[in-house]
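Since every read-out is calculated from the coordinates, none of them should be taken as a lab result. Here the structure is a predicted model, which means the values were calculated and not measured. In this analysis, Cβ positions are derived from the backbone assuming ideal geometry, glycine residues included, and neighbour counts consider all displayed protein chains.
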Amino acid sequence: MEVEITNVDPLTDEQKASLDLHSFLNIFNVLAGELQYIGILLEKESFLRNSIEICRSLKTALSDNSDVKMDPVDIENVENAIITEINNLLVNHPKSGDYEIAESITNIHSIFNVMQVRVHELLARQKSSDKWIKISIENLTIRYVEMLTAIEKNSKGRYKIVYNRNEKTDNDYLVQLKFKNSEYNYITMPISVQDVMGDLIANARKYTKPGGQITAEISEDDFKLMMLVEDTGIGIPADEIEKVVRYGERASNARDLRTMGGGFGLTKAYFTIKQFNGRMWIKSDFGRGTKITIEIPKPDIQNDKF
């Protein structure tokens with residue numbers, strides 16, 4: 001059943017701020033999980049309580065206060081504080097040279113690298129939220145592959161994410177990224193829409209069991225930008241398709257899943273594309289998967305939005 005989403009309750013100012021910082025909230029969840037994992041490896045989860053508390057405090061501040069501003073220097077200071085605490089704990093610790101701990105520290109650095117990228121994107125959106133920019137298909141692909149690589153690392157070996165069907169095993173996700181422009185080697189799109197695409201890909205992974213398949217497509221012509229994300233996941237009950245786009249709503253078959261997110265991905269997608277007079281459709285078969293289709297009309301080439 002495919003439904004065009006056309007009528008969603010308007011957001012409060014607090015909800016709008018939360019959606020804008022949606023990616024940060026998810027990153028802080030992942031970071032806190034990585035710190036807890038190091039604590040487990042060191043056989044005392046309370047070891048990194050200061051760092052974990054920093055993450056939780058920042059997440060709470062971002063969730064509750066629309067006036068909180070993110071700054072690259074602040075992110076760097078948080079990273080330095082957390083890495084310093086980890087290094088201090090590892091001095092003379094019998095597990096200081098363990099491969100798993102070293103890998104986890106590498107993951108933390110990667111998380112902060114992603115966070116820095118998100119900060120710069122957020123600042124760019126705040127400066128010109130409706131500006132369309134050119135991004136090479138290669139860089140667009142790298143962006144989402146790096147995101148999926150971080151997700152895979154955070155699984156601690158529970159699954160792999162592959163991009164070639166011939167490499168797939170029964171427990172691997174097969175992800176197919178199909179980005180194309182018939183005339184150029186780049187896609188023209190707003191920065192905020194790039195962020196939406198990442199959220200939709202991550203959501204598809206969350207609600208698809210290992211072994212499943214995710215397809216993400218972006219294309220454009222002279223008149224519109226087209227995006228599609230399709231998965232072989234748990235699907236959405238037919239009578240709940242429109243409801244799941246509401247702020248904080250999840251499908252009834254997803255409420256008990258531990259996803260590390262706030263349930264805002266579809267809400268953010270809908271309200272973001274509406275800023276550009278776009279349209280969104282959701283097609284879902286319960287227990288078999290979901291397909292999200294987005295179309296956004298391109299502004300006139302003479303328009304200052306380009």
Problem - Whole-number percent relative contact order across the chain, with pairs defined as alpha carbons under 8 Å at least 6 apart - result: 20 percent
Completion exercise
Too long for a 18 Å Cα-Cα cut-off, among K16/K268; K160/K268; K274/K298; K209/K291; K243/K291, are K160/K268
Exercise for the section: May I ask you to sort S182, S57, S110 by Cβ crowding, counting other Cβ atoms within 10 Å and putting the fewest first? Expected result: S182, S57, S110
Problem - Global size of the chain as Cα Rg and Dmax, reported in angstrom - result: 19.9, 65
Handout entry: With Cα atoms, 0 to 90° folded angle of helix 22-41 axis to the chain main axis
Key = 30 degrees
Problem - In degrees, nearest ten, helix 99-127 long axis to first principal axis of the chain (Cα) - result: 40 degrees
Fill in the blank from the handout: Final fewest-first order of H120, H22 on the 10 Å Cβ neighbour count is H120, H22
Handout entry: Most mobile of Y184, Y163, Y144 in a GNM of the chain (Cα contacts under 10 Å)
Key = Y184
Practice task
For every other residue with a beta carbon closer than 15 angstrom to the beta carbon of R165, add +1 if it is Lys or Arg and -1 if Asp or Glu, then tell me the sum.
Solution key: 0
Problem - Selection from V119, V78, N171, by position along the positive dipole direction of the chain (Cβ) - result: N171
Exercise for the section: Rank-order 188-198, 168-178 by packing density, defined as the average count of other C-beta atoms within 10 Å over each peptide's residues, highest first. Expected result: 188-198, 168-178
Handout entry: the chain: calculated mean residue ellipticity at 222 nm from DSSP helix runs of at least 4, using -39500 (n - 2.57)
Key = -15000 deg cm²/dmol
Completion exercise
With Cα coordinates, the longest principal axis of the chain makes an angle with the long axis of helix 265-274, in degrees rounded to 10, of 40 degrees
Practice task
With a ≥ b ≥ c taken as the square roots of the eigenvalues of the C-alpha gyration tensor of the range 122-274, please select rounded if a/c is under 1.5 and otherwise prolate if a/b is larger than b/c or oblate if it is not?
Solution key: oblate
Handout entry: Surface/4 of the Cα convex hull for the range 165-212, nm²
Key = 4.5 nm²
Practice task
Past 27 Å, Cα to Cα, is the threshold; run K224/K283; K131/K156; K178/K206; K156/K283 against it and keep the listed order.
Solution key: K131/K156; K156/K283
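Compute the Cα gyration tensor for the range 70-153, then decide on rounded, prolate or oblate, letting a ≥ b ≥ c be the square roots of its eigenvalues: rounded whenever a/c is under 1.5, prolate when a/b is larger than b/c in the other cases, and oblate in all that remain.
Verdict is oblate for the range 70-153.
Within the range 2-297, what percent of beta bridges assigned by DSSP are antiparallel, to the nearest 5?
Taking every DSSP beta bridge within the range 2-297, about 75 percent pair in antiparallel fashion.
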